[in-house]
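Asks: Quick one: structure below, then a few questions.
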Amino acid sequence: MFRVVQCQPLRLITQNYLSSISLKLMLSRPVAFAQLWKSWLSSHSLVGNKNIILMGPPGAGKTTIGRIVGQKLDCPVIDIDDDVLETTWNMSVSEKLQDVGNEQFLEEEGKALLKFSASGSVISLTGSNPMHVAGMQHMKKSGIVVYLDVPTAVIMSRLKSMKVDRIVGQSSGVSLKDILQFRKQFYKRWYDIRVLCGGDIAAEVAAEKVLDAVKRYQNSELETFISTRSSRSGRTNEKDSSKYFSDVVTEGLAPDGGLFVPERGLPKFTAGEWQGLIEATYIERAQVILERCIHPGDIPASKLAEIIGAAYGENFTCSKIAPVRHLAGNQFLLELFHGPTASFKDFALQMVPHVFAYCIPRSCNYLVLVATSGDTGSAVLDGFSRLHDTDKQRIAVMNFFPEDGVSPIQKSQMIGCQKENAWSVGVKSDFDFCQTAIKQIFTNSDYTGFLTVEYGTALAAANSINWARLLPQIVYHASAYLDLVHQDIIPFGSPVDVCIPTGNFGNILAALYAKMMGIPVRKCICASNENNVLTDFIRTGVYDLRGRKLIPTFSPAVDILKSSNLERYLHLIANGDGQLVTQLYNQLENQGHQDLVAGWCSEEDCLAAIHSVYTTTGYILDTHTAVAKVVADRLQDRTCPIIISSTAHYSKFAPAILRALRIAEINQNPLSQLHLLSSYSPLPPVHWGLLETLKKKGNEDHQVCAADMSMLMSHIETLIQNHFM
């Protein structure tokens, strides 16, 4: 038996909410009822006979929010505490808890859930319901579980105002904060949708967010992808032409040769939502941000949590994953080299292989092709080699790199990272040839069709042309800003600049995307080495490769002339309609600034920066970070903090680092070079993962081929035959 709560007038509900948890709610902005009704009714039609099940800690506002949602949907509202438990037990919940104790209470509460059934209702769970597995499995079958995610500090404040100092499951000697933190694992296990509810959010605003989230959950067509080369007039409205996240992960490159981008742009977070993540761990921030970027129809929240945990749980040497370190003055380093292969590429490539394995159909084998200018190779080989054995049998990766265009340690690392489903091929050319060749292979429908028909194998991309590569990079740019706020360097809302060594434009594009999503980034500074085509383009609007030859430098990861992800930026600022140059220079004329600026660094200045920073701080920059440091020194105006992306560990570029430190005799053996660096007791220490890889690399063999398309395709075919046949 349970009783259905009759919906009360909205004003009365709000008054009850205010009095029950004694909070001042932000009610200054009137709710646009017509718009809300449209949203509510649309959501109701999508929900059908399913229940909307609200879950969260005590004090999250489940009961009040549930009543508002029920009123606007004109459907029954059920509060498990009042309408199920107390009716079943004929006593109050507090009396029952006192009567039977914590453990027995949870068991009897779960049994009551198992006997309960409803449809087409809004149901508010108790704070402890999610701790009973069988009861929650029963509830989850009946509807959509919505997690009202309220920061622990806010919940503590609310419970204090309600004079609640103990909750179910809290034993003697355990603080209220500890039990709230303990419960989070159960909430995270069961929810389908997360709704962020900051401390000052009004109940009706929270209800609107719940219904918007339900609508999104039920309608994946709201989150489709298009090619950067598609025009608005040429887009079709046919449902069959839609591309979803799973499609773009699998396909990599659009059929017309363009890159996939979200048709409706990226989600935007409110200031309150960002502030709710200030106390969160890196993994928690990643979960929240990526849930909003990846539709649950493509990857459910529970699976996404599993993937994020596998990517960042044990594979990074620093518990903070991407720590922010003060360098000097107003400059801060975002250390992105604590992953297994010592570069920022690990953030995407520890995660993307698991995303890929989940999204692809089981009926086909996949060969992932990747071109690298240095760091991507070892990262992609390591990432895909960590897949489950069953996935490795149907997914292999082939890495093409310029045979003479990477550092000796990078080359040794790529060879050492080869596994049973992961191979490296050196190409007698530069990175631009490797990248262009892969693009041409993907758009050669005769060749890809032949591989599918003849060998049952499809090709996929793991370069930053794949949309899934960019999303984890957005996370660390957002996290860096939140860390500065958490460290009391700045209050939330104050701007920062970011400076990023840039070659293929993916990393800096992710920073621009983070800005679009609500992170207060003022300027993104693009730092180039002597291959400064991007600097010229950003300064002049002219991208001219005529007569330019690639210059090998100490920072090979940005030795790139053709920046693939620049196409996504052009599409972004052109608003999909080709108004690029007009918009860019109108902004410069009308506002006196651009949010993207650029500079470049010579080889001499790069080495001098490494020496100077080490002499003054004891910290060793890698060559790419040194490029960014030089450009930041020149272009920052020192009115706000600047976050410099430290994209790789200096250990990967030992010869250049030893030269910068003015060490005369340099042994050519990569392992000896690292031991020499280690003898200087540097900050940070020599990268452990790199040392281990070089120690055990063993066989130096790898394939080498000429800069010829037919030769590359022959290597691909041979690999497919050897691995899949």
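Asks: Within the stretch 433-450, count every residue that is touching a strand residue (DSSP E or B) at 6+ places or on another chain (Cβ under 9 Å) and of a type outside the set (Ser, Thr, Tyr).
Replies: Residues meeting the conditions: 8.
Asks: Is it true that some residue in the stretch 702-717 is closer than 19 Å to residue 375 by Cβ and modelled with pLDDT of 90 or more?
Replies: No, the stretch 702-717 has no match at all.
Asks: Go through the stretch 65-107 and give me each residue that's of a type in the set (Val, Ile, Thr) and surrounded by fewer than 22 Cβ atoms within 10 Å (Cβ to Cβ).
Replies: Hits for the stretch 65-107 are 87, 88, 93, 100.
Asks: Among the helices (runs of 4 or more DSSP H) lying completely within the stretch 399-471, list those that include at least 3 residues that are under 10 Å from residue 371 (Cα atoms) and open to solvent by 10 Å² or more (accessible area, probe 1.4 Å).
Replies: 431-442
Asks: If you don't mind, there's one more thing I want to ask. How many of the residues in the stretch 544-563 are in a loop (DSSP other than H, G, I, E, B) and touching a residue at least 12 places away in the same chain (Cβ under 8 Å)?
Replies: Number of matching residues: 13.
Asks: Going by the structure shown, is residue 91 in contact with an Asp or Glu (Cβ under 8 Å, 6 or more places away or on another chain) and more than 30 Å from residue 275 (Cα to Cα)?
Replies: yes
Conditions tested, residue by residue: (1) farther than 21 Å from residue 626 by Cα; (2) open to solvent by less than 20 Å² (accessible area, probe 1.4 Å).
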position	(1), (2)
285	yes, yes
288	yes, yes
300	yes, no
312	yes, yes
330	no, no
348	yes, yes
355	yes, yes
360	yes, yes
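Asks: OK, next. Take the conditions touching a residue at least 24 places away in the same chain (Cβ under 8 Å), surrounded by fewer than 24 Cβ atoms within 10 Å (Cβ to Cβ) and not in a helix (DSSP H, G or I) and apply them to residue 503. Does it pass?
Replies: No: the conditions fail for residue 503.
Asks: If I filter the stretch 314-328 down to residues being open to solvent by 30 Å² or more (accessible area, probe 1.4 Å) and part of a strand (DSSP E or B), which single residue comes out as nearest to residue 249 (Cα to Cα)?
Replies: It comes out as 325.
Asks: Output the residues belonging to the stretch 371-391 that are buried (at least 24 other Cβ atoms within 10 Å of the Cβ), out of contact with any strand residue (DSSP E or B) (no Cβ under 7 Å at 6 or more places or on another chain) and in a helix (DSSP H, G or I).
Replies: Selection gives 378, 382, 383.
Asks: Follow-up question, since we're still on this one. Please go through the stretch 418-465 and pick out each residue that is in contact with a Lys or Arg (Cβ under 9 Å, 6 or more places away or on another chain) and without any contact (Cβ under 8 Å) to a residue 24 or more places away in the chain.
Replies: Correct list: empty.
Asks: Within the set of pairs 6+ apart or on separate chains, which have a first residue in the stretch 472-496 that is farther than 12 Å from residue 515 by Cβ, a second that is among the hydroxyl-bearing types (Ser, Thr, Tyr) and open to solvent by less than 20 Å² (accessible area, probe 1.4 Å), and C-beta atoms under 6 Å apart?
Replies: Sorted first by the residue in the stretch 472-496, then by its partner, the pairs are 479/282.
Asks: Another question about this same structure. Working carefully through the options 524, 601, find the one that is under 29 Å from residue 230 (Cα atoms), assigned by the TED database to the domain that holds residue 656, at pLDDT 90 or above and open to solvent by less than 70 Å² (accessible area, probe 1.4 Å).
Replies: Testing whether each residue is under 29 Å from residue 230 (Cα atoms), assigned by the TED database to the domain that holds residue 656, at pLDDT 90 or above and open to solvent by less than 70 Å² (accessible area, probe 1.4 Å) leaves just 524.
Asks: Hey, residue 279 hits all of (1) among the acidic types (Asp, Glu); (2) outside any helix (DSSP H, G or I); (3) at pLDDT below 90 but one; which does it fall short on?
Replies: Failing condition for residue 279: (3).
Asks: Identify, by number, the condition in (1) on the phi < 0 side of the Ramachandran plot; (2) open to solvent by 20 Å² or more (accessible area, probe 1.4 Å); (3) modelled with pLDDT under 95 that residue 575 doesn't meet.
Replies: (1)
The values are calculated or read from the model by the stated rules, or taken from the named source; none is laboratory data. Keep in mind the model is a prediction, meaning the values are calculated, not measured. FYI the Cβ positions are ideal-geometry reconstructions off the backbone, even for glycines, and counts take in every protein chain you see. In case anyone asks, the SASA skips ligands and DNA or RNA and just uses the protein heavy atoms, side chains included. Shrake-Rupley method; radii C 1.70, N 1.55, O 1.52, S 1.80 Å.
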